[in-house]
Each structure stands twice: as structure tokens, then as C-alpha cells.
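Heads up, the thing below is written out as C-alpha cells.
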Amino acid sequence: MGSGLLSMPFFIKSKPQSSSPKSILLTTPSLQIINAQCQRSGESLFTPTSLQLNAGELAVIAGPNGSGKTTLMEAVAGLGLFTQGEFLFNNRQSHEEWLEHSHYLGHKLGNKGNLSCEENLRFICHINQVQVSTDEIESVLEQAGLGGYDYHFASDLSAGQKKRLALGRLLLLKKTYWLLDEPFVNLDQAGCDWLYQIIKNHVKQGGAVIITAHDQKKIHELAQHYITLQPFVEGVE
């Protein structure tokens, strides 16, 4: 068994790729997930799954509830383990380098309730060693629909506002790879439109996204890769 990630009967569809826009970010090393599997309570969740993701591409991970989407996303993010397969970034098993270039946003948003919106964004930039100005933070809050909420405690925000605050990190940290687990949950239509636009812009500018998203037709149309996790059945090749 490899030490990192991804055997196959998974379903993966790669759409024909049109000429992709020139990256205005860094030159992006590709991410390779090869024959990866994950377990829950000692049992494999899905058949071995593979993906190669390059600059300017988006991959959708789909499957019914309980199929292992979040478990897979957490393993890719470095918060969980692959029980089989290989994980390569820039053609090597370089997890530290991968973490420098990626940001994961899952169901647990990671906002600090006793900090203001401004303090939350400043704190996340600090721990990621990103220099940020007050004007930049105010601009991101405005874009996220939180203009005027700079000094409101995160604990006082609605569920949708908390999601917007967490998503605002993406615009400040400027990571190349975004790992987004159901990011549209709790957003109203305006919030969904805003999130779709920043994802679309990120991919256009040479970023890459792995996302789980139900009922988001526009995101599915934007994807170059579409993976449907298939339940693992012991003894079935």
C-alpha cells in the first residue's frame, strides 16, 4: 500500500478542456491522488479513487450522504488519513508544500466566536504568515456582504453570515488550491451567486478547486472533473 492517498471502479469523468486562461497566480504544480481509499470505523467507504488536478481546473466530488465525501476531503486537506493509495504534489510526497498552497473549508467553519469579524480575518492571516492591511480586510468584508460588521462578534452572526466570514479567508490567503466541502450551505441566493463568481474567477486566474456541492448546476458545468464515489464492497474488483 502506498503511503498517501488514492484502485478503481470509481466513476470519473473529465470534460474536454478548452484553452485555459493564463495563470496570474503562481505556476501551479499538479495534485495527483492515485487509487485512494479511506475508512470509517475500520471499514472502507468507497472504491479506490484517482484524480489529477492542474492549474485552472475544478473537480466536483459527488455521492450520496455517507459515501465518504467529507472523509475524502479531510484526507486531501491533511486532516485525515488515506488507508490506501498515493498522494503527490509537484510529483512528490510533499505534504508541507501542499499545505502551503492549499486551504480547506469544511462543515466546521473555524470562526472564533469571541473575536470580531475583523479580528477573525486578521488572526487567520497572522497564523498563515500573510501580511494584510485594514483596508484589505474591510474590502473583503464588503465583498462578502459583511460591510459594517467589522467589529461585530462572530458569535452574533447568522449562519449564512458566519459562512460568508469563513469564505472571506479565501480572498485574503490567496492559496492556489481551494478545498471546499459544501460551501453553498446556509447561503442565500445572493451569497451563492457571490461564491460562484469568486470560484469562477479563481479558476480563471489559474487557481484550482476541489468541491462537494449538491444541486449547484453552474458549478457542475464549470468542472473539468466529476467524481462520483462508489460504495466499497468487499471482494468486488
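Ordered by solvent-accessible area of protein heavy atoms (1.4 Å probe), largest first, the residues Asp193, Asp150 come out as Asp193, Asp150.
Think of a 1.4 Å ball rolled over the protein heavy atoms: the chain then has 50 Å² of accessible area per residue.
In region 145-204, inverting the average of 1/r over every pair of distinct C-alpha atoms gives 12.3 Å as the Kirkwood radius.
Here region 114-236 was treated as a single set of alpha-carbon atoms; its pair distances binned every 10 Å from 0 give 12, 40, 31, 12, 4, 1 percent. Per the Kirkwood formula applied to alpha carbons, the chain shows a radius of gyration over Rh ratio, Rg over Rh, of 0.97. Could you give P(r) for region 69-162, binned at 10 Å from zero, as whole percent values over all Cα-Cα pairs? Histogramming region 69-162 at 10 Å steps yields 14, 37, 29, 18, 3 percent. When shorter helices are ignored and each DSSP H run of at least 4 residues is given -39500 (n - 2.57), the per-residue value for the chain at 222 nm works out to -9500 deg cm²/dmol.
The values are calculated or read from the model by the stated rules, or taken from the named source; none is laboratory data. From a predicted model like this one, the values you see are computed outputs, not experimental measurements. Only protein heavy atoms, including side chains, enter the accessible area calculation; ligands, DNA and RNA are left aside. Shrake-Rupley method; radii C 1.70, N 1.55, O 1.52, S 1.80 Å.
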